[in-house]
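For reference, the structure discussed in these notes is given below.
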Amino acid sequence: MKYQSHHRVGDQPWLRRTLILAAVALSALLLAIPLVLIFTQAFSAGWGALVSNIGDRYTLHAIGLTLFVALLTVPLNLVFGTALAWLVTRFRFPGRKLLVTLIDVPFAVSPVVAGLLYLLLYGRNGWLGSWLADYDVQLMFSWPGIVMVTIFVTCPFVARELIPLMQQQGTEEEEAAVTLGASGWRLFRRVTLPNIKWALIYGVVLTNARAVGEFGAVSVVSGNIRGQTNTLPLHVELLYQDYNIAGAFAAASLLAAIAILTLAIKGVAEWRQARLLAREPADRNPQ
Amino acid sequence: MAHASPLKPRSKRVLPGFGLSLGVSLLFISLVLLLPLTGLVAETAGMTWSQFWFVVSDPRVVESYKVTLWTAFLASLFNGAFGLLLAWVLVRYEFPGKRLIDAMVDLPFALPTAVAGITLATLFSTSGWYGQWLETIGISVAYTPVGIIIAMAFTSIPFVVRTVQPVLEELPPEDEEAAITLGASDGRVFRKVIFPSLWPALLTGIALSFTRSLGEFGAVIFIAGNTPYETEVTSLMLFVRLQEFDHAAASAIASVVLLVSLVLLFAINLWQGRYLRRLHGK
C-alpha cells in the first residue's frame with residue numbers, strides 16, 4: 001500500500017508546527033543554551049584570560065591526571081566490553097541473562113555509592129586495604145583509586161554499544177568463516193571487527209568521555225589534593241567554590257569540547273554503521 | 001536495559017573463544033563489580049540491627065530520602081513528556097536542524113555532571129540568563145527543590161527519547177491509516193492505536209530516568225543549596241557522612257540506596273524482557 005502522508009496522526013500543519021516549535025524551543029532552552037553559556041563564560045574575560053586560566057599550573061596538572069586516568073581506563077574497558085559482548089551474543093549458557101543485567105549495575109548505582117564501595121574495601125580500614133597497607137601500598141586518595149572507580153563507572157559502555165548490534169547481525173558469517181578454517185583471532189579481526197567497527201569506535205569514545213568527566217565516584221576516593229589527585233572535573237568544582245567562575249568555566253569548556261567531539265563522532269559512527277548494515281553481507285568484507 | 005531479543009537456537013558451539021571471553025568477563029566482573037561489595041557487607045555486618053536502624057531512620061536522612069524520591073519522580077515525569085515529544089518530532093517530521101537536535105539529545109550523557117552542575121547553577125542563579133527572568137515572575141530555582149528537579153531532568157533527558165524512538169520508528173502505519181480512514185479523530189487514534197504500542201517503552205524510559213535521578217550527585221549539588229531537611233539529596237547525605245569519617249553511617253545509608261537501585265534495575269530488566277518477548281511473540 002502506498003504511504004499517504006495526510007493519513008497519519010499529527011500530520012495537520014498546525015499540529016505539526018506546534019509540536020516542532022515546542023520541541024525546538026525546549027531543546028534550545030535545556031540543551032543548546034547551557035552549552036553556549038559554558039563557552040560564553042569561558043571567553044568572558046577574553047582569549048588571554050582563557051589561555052592563562054587553562055595554562056595555570058594546577059589546571060595543567062589536572063588535565064594531565066585526567067588524560068592519564070582515561071588512558072588506563074579505556075583500553076581495559078575496551079577488552080572487557082568486547083569479550084563480554086562476544087560471550088553473551090555468540091553463546092547461550094546458564095547465567096547469561098544475569099551477566100547482561102550485572103553489567104548495568106554501574107548505570108544504576110549512584111556514583112557516590114560506587115566510590116564508597118571502593119573506599120570501604122581498599123581504604124585503610126578495609127579488609128583488603130589494611131592488608132595492602134602492611135606492604136606500604138596505598139590505593140585510595142591517590143591515582144590508583146581514581147583509576148579503579150573510573151573503570152567501575154565506565155565499564156558498561158562498550159558492551160552496551162556492541163550487544164544489540166552483534167545480536168542483530170547474527171553469526172552466519174562467522175560460522176561460515178569457521179567452516180572455511182579461520183582461526184579465532186583471524187576470525188574476529190577479519191569478519192567480526194569490520195562489521196562492528198563503528199559501534200566499537202563510539203563505545204570507546206563514550207567510555208572516554210565518561211572517564212574524563214567522572215565526578216561523584218572520583219571525589220569520594222581522590223582526597224582532592226590540588227596538584228596531586230585533582231582531576232579536571234574536581235578542579236572545576238574547586239575553582240567554582242573559590243568563586244573563580246571564569247577559571248571554572250575555562251576548565252569546563254575543555255570538558256564540554258570533549259563532549260561535543262563525542263557527539264560528533266557518534267553522528268558519524270551511526271551513519272557509517274547504518275551504511276554498513278544496509279549493504280549485503282557478501283560485499284561487507286572484501287577479501 | 002536487557003536486550004532480550006531471542007537468538008536463534010544453536011545446536012552446537014561452533015564459534016571459538018567461549019573459554020577466553022567467559023574468563024575475561026568473569027574475572028573483570030568479579031574484581032570490578034562484585035569484590036567491592038564485600039567491603040560494604042563487612043562494614044554493615046559490624047553493626048547491630050538497632051545501630052543500623054538508628055542511622056538509616058535518622059530524621060535528617062529520612063528527609064533526604066523524601067526529597068530525593070519526589071524530585072526524581074517529578075524529573076522523570078517531565079522527561080516522560082519531553083522525551084515523548086522529542087521522539088515523536090524526530091521520528092515523524094522533517095524540519096531544518098533535526099539532525100542537530102537528534103545529536104544534542106545525548107549531550108547529558110557526554111557532558112560531565114560537574115560541568116552540567118555549574119552551568120545550570122549559573123543559568124538559574126538570580127543574576128543568570130534564566131534566573132533573572134524567573135525572578136521577575138516570582139519563581140526562584142537555584143537553592144530550591146525546583147533546582148534539584150531541573151538538574152535531575154537534565155542529566156536523564158536521553159533515556160526516554162532513546163527508548164521510545166526505535167519503537168515509534170517501527171510502528172506499522174497501516175492500523176493508524178485504517179483508523180483515520182474510518183473517521184476516528186487524531187486524539188482517539190493516538191490513544192487507541194499508537195499509545196498501546198508505545199507505553200511499555202515510555203514506562204521503561206521513565207523508570208530508567210527515575211533510577212538515574214535517584215543517584216545523581218554532580219549535577220545536583222551545585223544548584224541544590226544543600227540545606228539539611230530541605231534541599232539535601234541522599235547522595236549528598238552519604239557524602240557528608242563520609243566527610244565526617246563516619247564510615248559506618250555512610251555504609252548503612254549506602255546499603256539502603258544500593259538495595260533500592262538494584263531492585264529497580266532488576267525490575268526494569270525483567271519487565272523489559274517480558275514486554276519484548278510479547279512484542280516478538282505477536
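The values are calculated or read from the model by the stated rules, or taken from the named source; none is laboratory data. Bear in mind the structure is a predicted one, so any value in this text is a computation, not a measurement. Because the Cβ atoms are built from the backbone with ideal geometry, glycine has one as well, and the counts that use them run over all protein chains shown.
Observations on the model:
- Restricting the range A:129-152 to residues that are surrounded by fewer than 19 Cβ atoms within 10 Å (Cβ to Cβ), without any contact (Cβ under 8 Å) to a residue 12 or more places away in the chain and not polar (S, T, N, Q) leaves a set whose member that is nearest to A:N77 (Cα to Cα) is A:P144.
- Some residue of the range B:135-147 being more than 30 Å from A:I245 (Cβ to Cβ), surrounded by fewer than 19 Cβ atoms within 10 Å (Cβ to Cβ) and without any contact (Cβ under 8 Å) to a residue 40 or more places away in the chain: no
- Of A:G203, A:G126, all but one fail to be within 9 Å of chain B (Cβ to nearest Cβ), surrounded by 22 or more Cβ atoms within 10 Å (Cβ to Cβ) and of a type in the set (G, A, S); the exception is A:G126.
- Qualifying residue in the range A:193-203 (condition: within 24 Å of B:G215 (Cα to Cα) and in the same structural domain as A:P164 (by TED's automatic domain parsing)): yes
- Scope the range A:63-111; condition over 19 Å from the mean Cα position of the chain (by Cα), under 27 Å from B:E216 (Cα atoms) and either at the interface with chain B (Cβ under 9 Å from one of its Cβ atoms) or at pLDDT 95 or above (or both); matching residues: A:K97, A:L99
- Check on A:D11, in the same structural domain as A:I146 (by TED's automatic domain parsing), of a type in the set (D, E, K, R) and farther than 20 Å from A:V147 by Cα: no
- Residues of the range A:24-33 include at least one that is under 28 Å from B:F154 (Cβ atoms), exposed (fewer than 15 other Cβ atoms within 10 Å of the Cβ), among the hydrophobic types (A, V, I, L, M, F, W, C) and over 24 Å from the mean Cα position of the chain (by Cα).
- Filtering A:A264, A:A256, A:A246 for residues that are surrounded by 23 or more Cβ atoms within 10 Å (Cβ to Cβ), within 12 Å of another protein chain (Cβ to nearest Cβ) and either at pLDDT 90 or above or over 18 Å from A:V158 (Cβ atoms) (or both) leaves a single hit, A:A256.
- Those residues of the range B:150-177 which are within 15 Å of B:S197 (Cα to Cα) and not β-branched (V, I, T), in sequence order: B:Q165, B:P166, B:L168, B:E169, B:E170, B:L171, B:P172, B:P173, B:E174, B:D175, B:E176
- Verdict on A:D136 being of a type in the set (D, E) and within 25 Å of the chain's Cα centre (by Cα): no
- Sole residue being more than 9 Å from chain A (Cβ to nearest Cβ) and either under 23 Å from B:L84 (Cβ atoms) or crowded, with 17+ Cβ neighbours inside 10 Å (or both), chosen from B:N269, B:N226: B:N226
- Residues considered: B:S76, B:S57, B:S64. Of these, the only one that is among the polar types (S, T, N, Q) and without any contact (Cβ under 8 Å) to a residue 24 or more places away in the chain is B:S57.
- When residues of the range B:34-67 are limited to those that are more than 10 Å from every other protein chain (Cβ to nearest Cβ) and within 23 Å of the chain's Cα centre (by Cα), the one surrounded by the most Cβ atoms within 10 Å (Cβ to Cβ): B:S64
- The residues of the range B:173-209 that are hydrophobic (A, V, I, L, M, F, W, C) and within 22 Å of B:Q272 (Cα to Cα), listed by number, are B:V193, B:I194, B:F195, B:L198, B:W199, B:A201, B:L202, B:L203, B:I206, B:A207, B:L208.
- Any hit, the range B:193-209, residues being at the interface with chain A (Cβ under 9 Å from one of its Cβ atoms) and either surrounded by fewer than 24 Cβ atoms within 10 Å (Cβ to Cβ) or under 18 Å from B:V56 (Cβ atoms) (or both): yes
- The residues of the range B:26-54 that are among the aliphatic types (A, V, I, L, M), within 19 Å of A:G115 (Cα to Cα) and in contact (Cβ under 8 Å) with a residue 12 or more places away in the chain amount to a single one, B:L40.
- Residue within the range B:117-127 that is out of contact with any helix residue (DSSP H, G or I) (no Cβ under 7 Å at 6 or more places or on another chain) and either within 30 Å of A:V88 (Cα to Cα) or surrounded by 14 or more Cβ atoms within 10 Å (Cβ to Cβ) (or both) present: no
- Residues that are more than 12 Å from chain B (Cβ to nearest Cβ) and among the β-branched types (V, I, T) within the range A:131-175 comprise A:V137, A:I146, listed in sequence order.
- Just one residue in the set A:L238, A:L232 is modelled with pLDDT of 90 or more and either small (G, A, S) or within 19 Å of the chain's Cα centre (by Cα) (or both); that residue is A:L232.
- Subset of the range B:176-192 [more than 27 Å from the chain's Cα centre (by Cα) and surrounded by fewer than 15 Cβ atoms within 10 Å (Cβ to Cβ)]: B:A178, B:T181, B:L182, B:G183, B:S185, B:G187, B:R188, B:K192
- Residues located in the range A:114-168, provided they are out of contact with any helix residue (DSSP H, G or I) (no Cβ under 6 Å at 6 or more places or on another chain) and within 30 Å of A:A274 (Cα to Cα): A:R160, A:P164, A:Q168
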